[in-house]
Amino acid sequence: MERRTIGATALEVGAIGLGCMPMSWGYTESQRNGESSLRTVHTALDQGCTLLDTADMYGPFTNELLVGRALKERRAEAFVSTKVGLLVGEQHIVANGRPGYVRRACDASLRRLQTDCIDLYQLHRTDPEVPIEETWGAMAGLVAAGKVRSLGLCAVGARAGRRRGTRLYDGTLRQLERIQQVFPVSSVQAELSVWSKEALETLLPWCVTRGVGFLAAMPLGNGFLTGTLTPGQGFEPEDIRARHPRFTAEMMAANQPVVAGLRRVGARHGATPGQVALAWVLAQGPHVVPVPGTKKERWAAENAAAARLTLDRRDLAEIAALPPARGSWD
């Protein structure tokens, strides 16, 4: 598989990563199976998907434990990415960016992951009660201590409720400029897919001009762009799509032309809609690494194969002409 770099430190990963979150958090709880998920991680590594993306909050904690089981056997083959900054309660999630907490959380993640060093440590969310420079400084201290190799920031942008004239990631760009003065940013993780292209406007250009890697979260549109979901099918109560503005029955039906377009392009290449969606993300630049989430071996292998699909000018023009995605926030 093609290799891509994360940040100025030139840390190499496979062209496509593996998002481990669905194995323990956020999606179809009834379908979670630890042994099946473990096989999925091994399949991804077998296919060259070396970047394993997790977080301490997924589960919470159980996702890191799962990844740790795979790392115990294959640490040398994996690029380990985890996150800090969010605490999960019974009915809420809160940010914690206090330096002491960051240091303790890192030690706990190292134990769960069964490793002595995390390749990429990402700030999941900023704490409004703590200056981001203090949080980032604590994370930089972990690099100095040899517990972490590089640092990344997860970008957040709310479509709903934005002030007129502001762009989705303006707040993140300001944060990035501040923390760059403390310690180099190696990567930014944000949503990027055929139906969510906002990162192309300002966030990805910021990364490109500074040699910062870009991890494309949700490159398959939470599964919608695979063409395997049916409008009105319903989701389990704990599934994040049950409350997502693009996953009402009405909006799923309205967005079917997006999937149909991907299917047409895929038909010319013998590829699935999901593989076309991932190839589109890869076409956005050499430092872009899509990180599709899955918990099944079949999908991990299919996703990995997308790295061999190259879209031509006709394909990209056809995808660019697809109607914009709609959500109940529109």
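The values are calculated or read from the model by the stated rules, or taken from the named source; none is laboratory data. No experiment lies behind these values; they were computed from the predicted model shown. FYI the Cβ positions are ideal-geometry reconstructions off the backbone, even for glycines, and counts take in every protein chain you see. For the accessible areas, the whole protein counts, side chains as well, though only heavy atoms, and no ligand, DNA or RNA atoms are used. Shrake-Rupley method; radii C 1.70, N 1.55, O 1.52, S 1.80 Å.
Here are some notes:
- Applying the criterion of being among the basic types (K, R) and without any contact (Cβ under 8 Å) to a residue 40 or more places away in the chain to the residues of the stretch 167-201, the residue that is most open to solvent (accessible area, probe 1.4 Å) is R174.
- Residues that are touching a helix residue (DSSP H, G or I) at 6+ places or on another chain (Cβ under 8 Å) and of a type outside the set (D, E, K, R) number at least 2 in the following strands (runs of 3 or more DSSP E) confined to the stretch 34-141: 79-84, 118-123.
- Meets criteria (open to solvent by 60 Å² or more (accessible area, probe 1.4 Å) and in a helix (DSSP H, G or I)) for R263: yes
- Considering only residues in the stretch 133-158 that are open to solvent by 10 Å² or more (accessible area, probe 1.4 Å) and within 21 Å of the chain's Cα centre (by Cα), the one that is farthest from A190 (Cα to Cα) turns out to be R149.
- Taking the stretch 245-259 as the range and being assigned to a loop (DSSP other than H, G, I, E, B), touching a residue at least 60 places away in the same chain (Cβ under 8 Å), open to solvent by less than 50 Å² (accessible area, probe 1.4 Å) and not basic (K, R) as the test, the residues that pass are P245, N255.
- Residue count for the stretch 58-71, restricted to those that are open to solvent by 10 Å² or more (accessible area, probe 1.4 Å) and either within 26 Å of T5 (Cα to Cα) or not hydroxyl-bearing (S, T, Y) (or both): 7
- Answer from V188, V208, V182 - the residue that is assigned to a helix (DSSP H, G or I) and either farther than 26 Å from Q31 by Cα or within 18 Å of the chain's Cα centre (by Cα) (or both): V208
- Residue identified as farther than 22 Å from S187 by Cα, open to solvent by 40 Å² or more (accessible area, probe 1.4 Å), modelled with pLDDT of 95 or more and charged (D, E, K, R) among R74, R39, R103, R32: R39
- The single condition among (1) farther than 19 Å from P22 by Cα; (2) open to solvent by 20 Å² or more (accessible area, probe 1.4 Å) that D119 does not satisfy is (2).
- Test: residue in the stretch 269-278 that is among the aliphatic types (A, V, I, L, M), out of contact with any helix residue (DSSP H, G or I) (no Cβ under 9 Å at 6 or more places or on another chain) and in a helix (DSSP H, G or I): no
- Flag for T5 being assigned to a strand (DSSP E or B) and of a type in the set (S, T, N, Q): yes
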